[in-house]
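Just so you know, all these numbers are worked out from the coordinates, no wet-lab data involved. On a predicted model such as this, the values are computed, not experimentally measured, just so you know. Ideal geometry is used to build each Cβ from the backbone, glycine not excepted, and the neighbour counts take in all protein chains shown.
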Amino acid sequence: MVRAQPVRFVNGGPVWFQVKPLQRLESLSGTWLGHDISFSFDAKSKTWFALAGVSLETAPGTYALELTGETVAGKVSGEKLSFSRKFTVARGKYPKIEVKLSVEGKFTEPNPEQQKQIEEGQQVKKDYLNRVTLEREWSGTGTAPADAAISAVFGSQRIFNGKTSSPHLGLDLRVSSGTPVAAMNDGTVVLARPMYFEGNFVVLDHGEGLLTLYLHLSEFKVKEGDQVKRGQVIGLSGGTGRATGPHLHVAVRWQGTYLDPASLLRLRLP
Ligand SMILES: [Zn+2]
């Protein structure tokens, strides 16, 4: 039996698969939208589960979760079982309100020295933001990084100095400078350094391909390599990097794909 959260899948949304096989399995793995997924077993509920997602670019349609389980050694040892289940992805309703933001020219028309810093930053992000650490550190439903109102939702279309930019790939929270920023779940600090666009930037790796990103901080409270607990203060909010003013931009990545942080916080996870 395969179940999932949320009831309705949308592009840009995280999903939570739960599989309760009819027989005991040694392992369970799967593929979903071109991603390899490994499932964890919860002995109490006899359920295998995995966190996954649907990229913003995924077209509405029906997609199959292909599963392969290995049976527990016994009468038929090491037998492989395959099954699949289809899920429908609907188009997420993301606002198309055009917000005219004015940022400094160095962000829209960088000079050669600034261009070099931007390229260095792109390399750092390529090196760190697509990693998939198999071991799971996160557990349970995440914690909001700050108790604050949302000022910009995920997926909205933005315009910088009259030029249409990429969709907003995170969630903006309205906080003043110096507000403590909490880790959304347990994890390891993979980045805690200043970057050109992101400003003071913290990235946490929660395992199983899940990363959370915290941008524009005024101060770091962790360093790269630190282990953090859910709710632990990792920095103070600010307006560093490409920001029109102090706010907290948080983002969620799963296996290299940006997902809606607000939807992730709504999933009820064990
Ligand atoms: Zn933002």
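Tabulated data for the structure shown
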| item | result |
| --- | --- |
| Bins of 10 Å, starting at 0 and running to the largest distance - Cα pair percent for the chain | 7, 28, 33, 21, 9, 3, 0 |
| Cα long-axis angle, helix 112-128 against the chain (0 to 90 degrees, to the nearest 10) | 20 degrees |
| Residue order, fewest to most surrounding Cβ atoms within 10 angstrom, among 28, 269, 210 | 269, 28, 210 |
| Least to most buried among 214, 94 (fewest other Cβ within 10 Å first) | 94, 214 |
| Signed unit charges on C-beta, dipole axis of the range 85-146, positive-most listed residue 105, 123, 90 | 90 |
| Helix-only mean residue ellipticity at 222 nm for the chain, each DSSP H run of n ≥ 4 adding -39500 (n - 2.57), per residue, nearest 500 | -3000 deg cm²/dmol |
| All-pairs alpha carbon distance profile, the range 134-218, 5 Å steps from 0, percent | 3, 13, 19, 23, 21, 13, 5, 2, 0 |
| Partners for residue 86 among lysines (Cα-Cα distance below 24 Å; same-chain residues under 8 apart left out) | 20, 46 |
| Quarter of the Cα convex hull surface for the range 85-234, i.e. its orientation-mean projected area (nm²) | 11.0 nm² |
| Long pairs among 96/221; 96/223; 44/80; 80/125, criterion Cα-Cα beyond 28 Å | 96/221; 96/223; 80/125 |
| Per-q log10 I(q)/I(0), the range 151-270, q = 0.13, 0.21 Å⁻¹ (Debye; single scatterer per alpha-carbon; no solvent) | -0.47, -1.25 |
| Neighbour-count ranking [beta-carbon atoms within 10 angstrom, fewest first] of 48, 32 | 32, 48 |
| Net charge of Cβ neighbours under 13 Å - reference residue 216; Lys, Arg +1; Asp, Glu -1 | -1 |
| Other-chain or far-sequence residues with amide H under 5 Å of residue 58's (modelled H) | 12 |
